[in-house]
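Asker: Structure in structure tokens, see below.
Derivation of every value follows stated rules applied to the coordinates shown; laboratory data play no part. What you see is a predicted model, and the numbers here were worked out from it, not measured in a lab. So basically every Cβ, Gly included, is an ideal-geometry build from the backbone, and we count neighbours across all protein chains shown.
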Amino acid sequence: MSNERPIGVFDSGVGGLSVLRELRKQLPGESTVYLGDEARMPYGEREAAEVVLFTRQAIRWLARNADPKLVVLACNTATAAALEVVREDSAVPIIGVVRPGAAAALSATSRRAVGILATRLTVRSGAYYRALRDLDPLVDVLQQPCPKLVPLIEAGKARSDEARAAVREYVAPLLTEGAVVAPGVDTLLLGCTHYPLVRWAIEEIGGPSVRVVDSATTTALAVREVLASHGALSRAASADHRIVATGARERFRAVARAMFTEDVEVEEAALA
Ligand code: DGL
């Protein structure tokens, strides 16, 4: 791994910017190239085979156009459906967000009862269930697909009453389902990188005894650990950041501006 090469970050849309922000915070010397497949999102409603194909195309695009030393799949759906397959034929090392997310949830839960909020495909893949049970075979895991959230967030409605109502519909059953004690789960994991944008509603409805965690911090830590242990941390004095989207550049730019409080240029690319 050559140290000054960038870290590639991939998501189906803007959600992975929440992971990018954490990477930039924890690894300020690292250059990044972010690719969002805005034109073909949401991935969460697609078939696994399609997500494997798109993820493979994205990794190939990053390899050709950015020469990254490492790629972060900053998308739970792509990680859940494609990481294992794509990793096998990729020359670039890849880190996903599911394992770091599972680790974050297990460090937060005291009653060993975790609720996973994720896209339909992530829930169907069982990836979180397996990752959590690998780390703690006794942990209780309740999974909830939340298909309305990504479209609302991408439509700029993350702070709306509509978002609050959708979150209530998804979160309320996890707090009561089969519960001997209330709330049923003591930790909610944001198993989709878009959901930090509706964290406010999830915290409001979960209430004070429920912890809400995401995979951004633990993923950035995992990246730092891997780079450090391979002597591959950048020694550059400054870092470059590129953001590339496959469509809807202006909306992308607006969200990026809101998240980073800086104006970023969004380049356009086509994946094939
Ligand atoms: N941000 C993606 C994830 O983490 C999902 C968005 C989508 O459905 O495309 O799962």
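Asker: Under a point spin-label approximation (7 Å from Cα along Cα-to-Cβ), what is the residue 261-residue 133 distance to one decimal in nm?
Answerer: In this crude spin-label approximation the distance works out to 4.4 nm.
Asker: Could you check how many percent of all C-alpha pairs in the chain are farther apart than 36 Å?
Answerer: Percentage above 36 Å: 10.
Asker: Quote to one decimal, in nm, the extra length available between residue 229 and residue 63 on full extension: 0.36 nm per residue of separation minus the C-alpha distance between them.
Answerer: Extra length available between residue 229 and residue 63 comes to 57.5 nm.
Asker: Taking the alpha-carbon centroid of each part, what is the distance from the range 136-171 to the range 243-272 in angstrom?
Answerer: First find each Cα centre; the distance between them is then 24 Å.
Asker: Let's test the formula: R0 of 30 Å, r as the Cβ-Cβ distance of residue 270 and residue 87. What FRET efficiency results, to the nearest 0.05?
Answerer: 0.80
Asker: Does the range 141-272 come out rounded, prolate or oblate, given a ≥ b ≥ c as the square roots of the eigenvalues of its C-alpha gyration tensor, rounded meaning a/c under 1.5 and, failing that, prolate meaning a/b above b/c?
Answerer: In terms of gyration-tensor shape, oblate.
Asker: How are the Cα pair distances of the range 87-154 distributed, in percent, across 5 Å bins from 0?
Answerer: Whole-percent P(r) values from 0 Å outward: 3, 16, 23, 20, 17, 12, 7, 1, 0.
Asker: Let me ask something else. For the range 32-135, evaluate the Debye formula with one uniform point scatterer on each Cα (no solvent term) and list log10 I(q)/I(0) at q = 0.13, 0.20 Å⁻¹, rounded to two decimals.
Answerer: Each listed q corresponds, in turn, to -0.48, -1.02.
Asker: A further question follows. Given axes a ≥ b ≥ c from the Cα gyration tensor, I'd like to know whether the range 231-272 is rounded (a/c under 1.5), prolate (a/b larger than b/c) or oblate.
Answerer: It comes out oblate by the Cα gyration axes.
Asker: Related question: Over every pair of different alpha-carbon atoms in the range 16-78, take the mean of 1/r and invert it; report that Kirkwood radius in Å.
Answerer: 12.7
Asker: What spacing in nm lies between the two simple spin-label points modelled at residue 238 and residue 47, each 7 Å away from Cα in the Cβ direction?
Answerer: With each label placed 7 Å out from Cα toward Cβ, I get 4.9 nm.
Asker: If you don't mind, another one. For the chain, what does the helix formula give at 222 nm: sum of -39500 (n - 2.57) over DSSP H segments with n ≥ 4, over the residue count, nearest 500 deg cm²/dmol?
Answerer: -14000 deg cm²/dmol
Asker: Something else now. Would you please put 86-93, 45-52 in order of how densely packed they are, using the mean number of other Cβ atoms within 10 angstrom per residue and starting with the highest?
Answerer: In descending order of packing, they fall as 45-52, 86-93.
Asker: For the range 1-126, what's the relative contact order in percent, using C-alpha pairs closer than 8 Å and at least 6 residues apart?
Answerer: Averaging sequence separation for qualifying contacts and normalising by length gives 29 percent for the range 1-126.
Asker: Relative to the first principal axis of the alpha-carbon coordinates of the chain, what is the inclination of helix 161-176, with its axis defined by its Cα atoms, in degrees from 0 to 90 and to the nearest 10?
Answerer: Helix 161-176 sits at roughly 60 degrees to that axis.
Asker: Between residue 148 and residue 168, 0.36 nm times their residue separation minus their Cα-Cα distance comes to what?
Answerer: 6.0 nm
Asker: Still on this structure, please answer the following. What residues qualify as long-range amide H neighbours of residue 212, i.e. H under 5 Å apart, gap of 5 or more or another chain, H built at 1.01 Å from N?
Answerer: Excluding prolines and chain starts, which carry no amide H, the hits are 188.
Asker: List the extent of the Cα atoms of the range 109-200 along each of their three principal axes, largest first, rounded to whole Å.
Answerer: If we take the Cα atoms of the range 109-200, the spans are 39, 27, 18 Å.
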